[in-house]
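Reviewing the structure listed below.
What follows draws every value from the coordinates through simple rules; no lab data is involved. In this text, all values refer to a predicted model and were calculated from it rather than measured experimentally. Note: ideal-geometry Cβ built from the backbone for every residue, glycine included; neighbour counts use all protein chains shown.
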Amino acid sequence: MDWNLLLLGFSKVLLNPVNLLFVFIGVTAGIIVGALPGLTATMGVALLIPFTFGLDPVQGLVMLVGLFTGGIYGACISSILIGIPGTPAGAATLLDGYAMNKKGQAGKAMGMAVIASWFGGTIGALIMTFASPQIAKVALEFGPPEFFALAFFGLGIIITVSGRSILKGLISGIFGLMLPLIGFDPISGAPRLTFGSMELLGGITLIPVLIGLFGYSQVFQGIEKILVLPAIKTELKNLIPKLSEIKTVLATMVKSSLFGVFIGAVPGTGTDIAAFVSYGEAKRSSKHPEKFGTGILEGVAAPESGNNACAGGAMVPMLTLGVPGDAVTAVLMGALTIHNFQPGPMLFKDHPEVVYPIFAAMILAQFVMLFVGLGGARFFARLINIDRRILTPIIFLLCVIGSYAMRFSFFDVGVSLVIGIIAYFMNYYGYPGSPILLAIILGPMVEQNMRRSLVISHGDPTIFFTRPISAAFIFIGIFIMITSYYRVKKAMDKEALSSFAQEKEKSK
């Protein structure tokens, strides 16, 4: 760790009022997005990227990092207050948070959620800050075979663990892999799949795809079922937990934070998985597991520590290896690329003036979230009551502006609309969207490094298996794909058997 660069990163954010303001704006916007049911941190980051084009790269990136941080925490607000998770990351918090609300302890649940989110997010951000440079040093030894194997590993895991059906995940992944093939071949320069269209020569750019996947698809779902959330009549009291209450859950927060960081660093996982794993482990190791689900502080602290720590963990492979840990970091990776920074080990060597402010912003965003979360709890509680009939047209307008802004092209608006329609129907029929996004990110990495490796070896494919690191990634990836297949198949067979038994019971 270069302490001088880290201090320089903090000075760029902490001592620069403009950059600090952008962190504040990002965190606040993220909390709002996360708190509104149906919206996600991924969608918020995707919609915000076009508005960062005119900003200094550091200003734009710290705002996106702030939105990521706030979005993960914001999900717990609607989970606790109205029993509807703002994002999947808040679903585990609902189990005890909403139960506490029904017992008249909504304020205490909200306060503990903020404290636990701050604690877990800070642990994740610190581990990201100190582990990433060391991993990047090792990754500098990687060549094309290693990067191919790494991308293959990430892509394989993402496709097999996304959704309940591996086949549907595979179809989504193949669709995502086809999109980067449009345009000029990166090695030979020959046009591919352009069908004579001049607009397609430049390829399908990332921003319209992001907005289609996470913007328009949400708009269409909102149109399908316009819903007005029930008014919140809960009075928030005792927002700041007592020191004795924090002490009782401290061990749970530490353990959940470490679980979250580890889960976040594994490509293809996400904050929802981190939250449920942390909750399950807290329940398993508790002296009173029977109380979980009835409204206890541990049941709020565990998932909130885990899912917020996961954010820092997911940033590690994205920054150091160029492999996103989850959907949000995939979007952030796209943001870095759009600002002409290529995530990976060379980013630390060539652009430390960007990397270290990101570290500083991630740490500072946790304290901003603590301040905004406690200070604005009552405001956010009323904000989630916003009428969907007002919110949906606003999101639609932001989608149009965002997809047009990058190249001032109505063609991009059309592309994002088409992708949004496809994403809506895929989601309706159970096809996961994250493999599409991550295939678009990792697909070019797989193709280019595979072809470069074969050029180096004069067409001999054994180059991927004679180098230890690449062979290890490939074999581990294949092993995880096979075990994931049997895990999903076992779960589906168990569900089918349960459904059959229920139908048989009804027929009696």
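Computed from label points 7 Å out along Cα-Cβ, the spacing between ILE390 and GLU353 is 4.3 nm.
Overall, the stretch 3-497 carries a charge dipole of about 1220 debye about its Cα centre when +1 sits on the Cβ of Lys and Arg and -1 on the Cβ of Asp and Glu, all other atoms neutral. Positive end of the dipole of the chain (Cβ unit charges, origin at the Cα centre): among THR248, GLY196, ALA91, the Cα lying farthest that way belongs to THR248.
How high is the FRET efficiency between LYS103 and GLN448 when r is their beta carbon distance and R₀ equals 41 Å, given to the nearest 0.05?
Values: r = 56 Å, r/R0 = 1.37.
In this case the efficiency is close to 0.15.
Taking other Cβ within 10 Å of each residue's Cβ, how do SER286, SER416 sort, fewest first?
Values: SER286 16, SER416 26.
Going from least to most buried by this count: SER286, SER416.
In the stretch 3-497, a dipole from Cβ-located charges (positive for Lys and Arg, negative for Asp and Glu) runs towards its positive end, and of LEU167, TRP118, GLY459 it is TRP118 whose Cα lies farthest in that direction. Remark: THR252, THR329 ranked as THR252, THR329, counting other beta-carbon atoms within 10 Å and listing the fewest first. Each of PHE359, PHE475 was scored by other Cβ atoms within 10 Å of its Cβ. Listed from fewest to most, they are PHE475, PHE359. Projected label points at ASP56 and VAL18, each 7 Å from Cα along the beta carbon direction, are separated by 0.5 nanometres. In sequence order, the stretch 343-350 has phi-based couplings of x, x, x, 5, 4, 5, 7, 8 Hz under the Karplus curve 6.51 cos²θ - 1.76 cosθ + 1.60, θ = phi - 60°, and Gly or Pro positions carry x. Here each label is just a point 7 Å from Cα along the line to Cβ, and for SER286 and PHE195 those points are 5.5 nm apart. Distances between placed amide hydrogens fall under 5 Å for PHE184 paired with ARG192, GLY203, all partners being 5 or more residues away or on another chain.
If a/c stays under 1.5 just call it rounded; otherwise compare a/b with b/c (prolate if a/b is bigger, oblate if not). Do that for the chain, with a ≥ b ≥ c from the square roots of the Cα gyration tensor eigenvalues.
Numbers: a/c = 1.40, a/b = 1.30, b/c = 1.07.
Note, shape of the chain comes out rounded.
Axis angle, to the nearest 10 degrees, between helix 388-405 and the longest C-alpha principal axis of the chain: 20 degrees.
The relative contact order of the chain comes to 28 percent, based on Cα pairs under 8 Å that sit 6 or more residues apart. Using the alpha-carbon atoms, what tilt in degrees (0 to 90, nearest 10) does helix 410-428 show relative to the longest principal axis of the chain? The two axes meet at around 60 degrees.
Ranking ILE482, ILE421, GLY60 by Cα position along the charge dipole of the stretch 3-497, where only Lys, Arg, Asp and Glu carry charges on their C-beta atoms, puts ILE482 farthest toward the positive end.
Dipole magnitude for the stretch 228-365: computed about the Cα centre from +1 point charges on Lys and Arg Cβ and -1 point charges on Asp and Glu Cβ, it is near 480 debye. What separates the Cα centres of the stretch 250-265 and the stretch 290-326 is a distance of 7 Å.
Past 24 Å, Cα to Cα: identify those pairs from LYS12/LYS108; LYS287/LYS490; LYS287/LYS489; LYS102/LYS283, in the order given. If you can, show how the numbers build up before the last one.
Working: LYS12/LYS108 36 Å; LYS287/LYS490 31 Å; LYS287/LYS489 34 Å; LYS102/LYS283 21 Å.
In this structure, LYS12/LYS108; LYS287/LYS490; LYS287/LYS489 lie more than 24 Å apart at Cα.
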